1. When you count, for each residue, the other Cβ atoms within 10 Å and take the mean per peptide, how do 161-167, 32-38 rank with the highest first?
2. Can you check what the net charge comes to around A66, using other residues whose Cβ is under 13 Å from the Cβ of A66 (Lys, Arg +1; Asp, Glu -1)?
3. For I113 and I144, calculate 0.36 nm times their separation in residues minus their Cα-Cα distance, and state this gained length in nm to one decimal.
4. When S120, S29 are ordered from fewest to most other Cβ atoms inside 10 Å of their Cβ, what list results?
5. Summing Lys, Arg as +1 and Asp, Glu as -1, what charge do residues with Cβ under 14 Å from the Cβ of T88 carry, T88 excluded?
6. When K81, K184 are ordered from fewest to most other Cβ atoms inside 10 Å of their Cβ, what list results?
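Taken together, the values in this text are just the output of simple stated rules run on the coordinates, not laboratory data. This one's a predicted model, so the numbers in the text were calculated from it and none came from an experiment. Every residue, glycine as well, gets a Cβ built from its backbone with ideal geometry; the counts of neighbours run over all protein chains shown.
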Amino acid sequence: MAAFREHITFSTLLGAGYGVAASTVLGFSPTQGILAAVLTGIGGMLPDIDLDTGRPAKEVFGFVAAIAPMFLVHHVLRFFKLPYDAETILLTLIVLYTIIRFGVSELVDRLSIHRGMWHSLPAMFIAADIAYLGYPGPNIRSKILMATGVAIGFLSHLILDEIYSVELNGVAVRLKKSAGSALKIAGPSFVPNIFTFALFCTMNFAVLSQMGVLDATPTGPTGPSVIAKPAPPQFAPAQPSPQYPAPVYAPSSIPGQRYPQSLQSPPTFQEASGQQFPPR
């Protein structure tokens with residue numbers, strides 16, 4: 001099994017490369033790249049939260065208790081409909097830190113064992129889902145960036161544990177008892193497996209719902225039927241009867257005072273010149 005310092009070093013190097021790639025290749029800002037690098041380094045420590053005692057467990061929960069409240073405070077304030085003033089935010093951060101640092105750590109210490117289901121691939125997806133749901137802001141690309149960073153760091157821890165479970169004795173290769181206990185899908189105990197997969201399904205359902213995948217309306221032949229509005233009736237223009245032709249009115253027969261100037265007949269040449277002619 002790799003030491004705690006080796007896990008931190010490996011995940012930190014991966015995080016540095018991931019952050020540089022995010023800001024130079026993927027089009028994210030340098031600030032987002034640095035944050036993704038930090039979360040990747042923290043993700044490399046997460047599998048060791050199931051350690052019973054010792055410095056690694058305290059450091060892991062110290063990091064998690066310090067980082068997690070900053071991601072969760074907005075969700076807590078919105079859920080309980082609390083005001084967004086400075087005092088409420090600061091008090092909420094302190095409460096969240098205390099709950100995670102002492103309450104959650106004690107619960108994990110009592111219910112988990114080292115190299116249990118928290119050292120597994122479903123646990124990696126659970127950690128990434130928590131990062132996705134906890135990251136503030138509506139930008140899905142930023143959420144995926146941070147969640148992927150946590151997953152990369154988490155996976156690096158599992159891979160490093162599996163590498164260190166192989167013992168080389170010259171040309172002979174011998175597997176330790178810990179081989180296969182990190183990169184696994186399920187463990188030997190029934191209750192932890194059920195709990196982990198229930199949490200895995202719940203978290204993934206929440207992520208897919210927030211991404212809009214489960215709420216997408218199908219299109220194409222399987223989409224909802226649309227009832228077209230009936231077109232307005234088209235009537236042909238009325239044709240005058242041959243027996244009763246339509247009357248034709250001369251413009252001069254229409255009284256000018258009842259109609260606007262635009263509808264009156266234009267003056268003749270004689271009227272325009274002011275000449276007077278006797279009636280015929």
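1. Details: 161-167: 15.4, 32-38: 21.3.
Ranking the peptides 161-167, 32-38 by packing returns 32-38, 161-167.
2. Values: positive: K58, R101; negative: E59.
My count for the surroundings of A66 gives +1.
3. Working: separation 31, 0.36 × 31 = 11.16 nm, distance 2.99 nm.
Once the chain is fully extended between I113 and I144, it gains 8.2 nm.
4. Numbers: S120 24, S29 11.
Listed from fewest to most nearby Cβ atoms, that is S29, S120.
5. Details: positive: R78, K81; negative: D85, E87.
Taking every other residue near T88 into account, the sum is 0.
6. On the way: K81 6, K184 18.
Going from sparsest to densest Cβ surroundings: K81, K184.
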